[in-house]
Amino acid sequence: MKDYRKKNRRDKAVRCGGSLRCSNCRAENTEERDQERRLILGREGSKYIGTAYLELHPQPLHQQIIDFSRKLIADGCRHLKIIPLFLLPGIHVTEDIPSEVELAKLALGEDIFIELQPYLGSEKGLQKLLTKKINSSVDGRIIVAHGSRRIQANNIIEAMAISVNAVAAYWAVSPSLQDIVAQLVADGKKRIEIIPYFLFAGGITDAIVESIEDLKLHFPGVSFQLYEPLGANGELIDLIWDLMQK
């Protein structure tokens, strides 16, 4: 196979959305996603940045990659980097996306070198963004993430939670937010902050808001502080941009 990774080749990037509502659906969160895109496209050398989706798109991911690659090839580009915008190495990151990338490679042959980059959540700087939300005045802290069927992915959240003196809860697997809140209340916690580990607001974060309203009714003597998701901000864009440059 030809090696297209020479310095005189122009590197371009396509960003993969995902199965979470915050990164896979073009119909939701358009304001934040558009803001993210504007911030990235404002960078020098960002002409060939695109977006692809693993789910909720008329075309399968591999066909989106093929179509984008052909545009690059027509313009003389021979190196494509794919960056999964996922926070955890779940099934989509470890199996689904690599499979789709391989299908695209088979279709394109040696016309372009396709490089699958590490997923966004592997960036160490992401935890720093999370810790900025921490309020030292609370006596209970929960990081709530989507969760994965892969235990290894959830272990990352557990370790992150321990590092900031928090407890991990999950939306898709156990333990749930309600379970952890009940546990903290039983331990005598009266001021609990909840930090969503999601890129953008969406259906799940909306449901978390509703859950907290129910928890307030169930535990009237407890105060809850809910933070916003990471969101499209300059620091997050810096992390994405750094991944693109690797």
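Restricted to the stretch 187-224, and to residues there that are among the charged types (D, E, K, R), farther than 24 Å from Gln127 by Cβ and under 23 Å from the mean Cα position of the chain (by Cα), the residue that is surrounded by the most Cβ atoms within 10 Å (Cβ to Cβ) is Asp206. The residues in the stretch 74-98 that are loosely packed, with under 14 Cβ neighbours inside 10 Å and either farther than 17 Å from Arg150 by Cα or not assigned by TED's automatic domain parsing to the domain that holds Glu115 (or both) can be counted, and the count is 3. Among residues of the stretch 224-238 that are without any contact (Cβ under 8 Å) to a residue 60 or more places away in the chain and assigned by TED's automatic domain parsing to the domain that holds Val138, none has a Cβ under 9 angstrom from a residue that is surrounded by fewer than 18 Cβ atoms within 10 Å (Cβ to Cβ) and hydroxyl-bearing (Ser, Thr, Tyr) at a sequence gap of 6+ or on a separate chain.
Can you go through Leu126, Leu56 and tell me which one is modelled with pLDDT under 90, out of contact with any strand residue (DSSP E or B) (no Cβ under 7 Å at 6 or more places or on another chain) and within 20 Å of Tyr197 (Cβ to Cβ)?
Working: Leu56 fails: within 20 Å of Tyr197 (Cβ to Cβ).
Result: Leu126 is the single residue among Leu126, Leu56 that is modelled with pLDDT under 90, out of contact with any strand residue (DSSP E or B) (no Cβ under 7 Å at 6 or more places or on another chain) and within 20 Å of Tyr197 (Cβ to Cβ).
Suppose the filter is more than 12 Å from Val144 (Cα to Cα), touching a residue at least 40 places away in the same chain (Cβ under 8 Å), not aliphatic (A, V, I, L, M) and not assigned by TED's automatic domain parsing to the domain that holds Ile49; does Lys189 pass it? Yes.
Annotation: of all residues in the stretch 210-246 being outside any helix (DSSP H, G or I) and among the polar types (S, T, N, Q), the one that is nearest to Glu115 (Cα to Cα) is Asn233.
Residue-level check: of (1) touching a strand residue (DSSP E or B) at 6+ places or on another chain (Cβ under 6 Å); (2) more than 30 Å from Ser223 (Cα to Cα); (3) crowded, with 21+ Cβ neighbours inside 10 Å, Val101 misses just (3). The set of residues from the stretch 177-207 being in a helix (DSSP H, G or I), touching a helix residue (DSSP H, G or I) at 6+ places or on another chain (Cβ under 7 Å) and aliphatic (A, V, I, L, M) comprises Leu177, Val181, Ile204.
Right, Leu177: under 21 Å from Glu193 (Cβ atoms) and not assigned by TED's automatic domain parsing to the domain that holds Phe200 or not? First the steps, then the outcome.
On the way: under 21 Å from Glu193 (Cβ atoms): yes; not assigned by TED's automatic domain parsing to the domain that holds Phe200: no.
Taking the combined requirement at face value, the residue does not satisfy it.
The values are calculated or read from the model by the stated rules, or taken from the named source; none is laboratory data. Source: prediction; values computed, not measured. Don't worry about glycine lacking a Cβ; one is built from the backbone with ideal geometry, like all the others, and counts go over all protein chains shown.
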